[in-house]
Amino acid sequence: MKIVDSPGGRLVEVEVRGPVVRLWLDRPEQRNALSLEMLDALGRALDEAAAVAGARAIVLGGRGPAFSAGHDLREMRVASARDVEELFRRCESVMARLHRVAVPVIARVHGIATAAGCQLVAACDLAVAAEEATFATPGIKVGLFCSTPAVPLVRSVGRKRALEMLLSGRPVPAATALEWGLVNRVVPRDDLDLAIADLLAPVLESSADVVATGKRVFWQQVDLPEAEAYGPASRAMCEGVAAPAAREGFAAFVEKRKPRWPGA
């Protein structure tokens with residue numbers, strides 16, 4: 001286990017468990033607030049996790065009672081305009097990096113995920129939540145509309161539901177988050193890791209190259225108009241048919257055996 005530190009102390013733990021790398025937000029006394037230092041540490045941790053040899057997935061969780069309570073309002077209150085710009089630039093960079101990492105990133109949500117913490121969940125590829133977890137974009141209650149959390153949120157739950165969260169600031173229980181599409185599974189807290197393992201099982205059995213290509217193309221096309229989206233999707237399919245993984249997969253299907261993925 002490695003700790004990604006900052007001048008203020010440890011912030012993110014990097015824990016390698018075979019092909020799965022776990023990142024733990026570790027600022028429990030501040031409810032894992034996404035301060036400038038935390039975002040910097042998380043960005044570096046994501047890069048480190050992606051560079052782990054044989055890594056097939058990243059699981060992002062939080063220490064203490066909260067997954068993440070969003071940006072550090074105490075920090076923002078005294079920040080200069082330039083510092084605020086840098087904070088949101090770093091935040092945007094981290095959220096985009098979640099999509100650029102070649103392996104699936106799964107949010108492990110055991111407690112509250114509010115504002116930028118909710119944004120973090122929405123930006124992950126997959127999410128599993130404990131039954132007691134809640135999600136909110138409560139910026140409106142403190143005079144700051146959650147405009148940046150809205151970016152991945154609306155792409156997860158749709159316009160009406162996103163605006164309900166953004167305009168009310170009310171917390172959404174895990175069961176509702178599941179119904180709305182913000183998370184993939186809701187389980188008892190003690191079963192979080194089992195549910196994550198179940199989600200990851202088919203990923204770990206698949207070709208790493210195919211997963212990486214598929215994730216890249218998915219995020220490349222997902223927000224394009226349908227007619228434009230077929231361009232990168234069709235190119236990826238054509239290239240994939242000629243790739244070694246598909247050749248092996250086709251042969252394994254015909255021969256009724258398990259594939260032996262190239263490079264595995």
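Every residue, every condition in (1) in contact with a Ser or Thr (Cβ under 6 Å, 6 or more places away or on another chain); (2) surrounded by fewer than 21 Cβ atoms within 10 Å (Cβ to Cβ), yes or no:
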| residue | (1), (2) |
| --- | --- |
| Ala116 | no, no |
| Ala122 | yes, no |
| Ala127 | no, no |
| Ser147 | no, yes |
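Residues in the stretch 124-138: is at least one touching a residue at least 40 places away in the same chain (Cβ under 8 Å), small (Gly, Ala, Ser), over 24 Å from Ala195 (Cα atoms) and not in a helix (DSSP H, G or I)?
no
Restricting attention to the stretch 9-26, report how many residues are modelled with pLDDT under 95 and assigned to a loop (DSSP other than H, G, I, E, B).
Residues flagged as modelled with pLDDT under 95 and assigned to a loop (DSSP other than H, G, I, E, B) within the stretch 9-26 amount to 1.
Does Pro232 qualify as being touching a helix residue (DSSP H, G or I) at 6+ places or on another chain (Cβ under 9 Å), touching a residue at least 24 places away in the same chain (Cβ under 8 Å) and either under 22 Å from Asp125 (Cα atoms) or crowded, with 16+ Cβ neighbours inside 10 Å (or both)? If you could, list the steps in order and put the result at the bottom.
Details: touching a helix residue (DSSP H, G or I) at 6+ places or on another chain (Cβ under 9 Å): yes; touching a residue at least 24 places away in the same chain (Cβ under 8 Å): no; either under 22 Å from Asp125 (Cα atoms) or crowded, with 16+ Cβ neighbours inside 10 Å (or both): yes.
So Pro232 fails the test.
Only one of (1) farther than 20 Å from Ala57 by Cβ; (2) under 26 Å from the mean Cα position of the chain (by Cα); (3) not in a helix (DSSP H, G or I) fails for Ala233. Which number is that?
Of the numbered conditions (1) farther than 20 Å from Ala57 by Cβ; (2) under 26 Å from the mean Cα position of the chain (by Cα); (3) not in a helix (DSSP H, G or I), the odd one out for Ala233 is (3).
So the check is Cβ under 7 Å with 6+ separation or different chains; which pairs have a first residue in the stretch 69-86 that's assigned by TED's automatic domain parsing to the domain that holds Ala116 and surrounded by 17 or more Cβ atoms within 10 Å (Cβ to Cβ) and a second one that's outside any helix (DSSP H, G or I) and of a type in the set (S, T, N, Q)?
The qualifying pairs are Ala69/Asn32; Ala69/Thr114; Gly70/Thr114; Asp72/Ser35; Glu75/Ser35.
What tally of residues in the stretch 150-182 results from selecting those that are assigned to a helix (DSSP H, G or I) and either among the β-branched types (Val, Ile, Thr) or on the phi > 0 side of the Ramachandran plot (or both)?
Looking only at that region, the number is 4.
The values are calculated or read from the model by the stated rules, or taken from the named source; none is laboratory data. Just so we're clear, the structure is a prediction, and the values are computed from it rather than from any experiment. Every residue, glycine among them, receives a Cβ derived from its backbone with ideal geometry; neighbour counts consider all protein chains shown.
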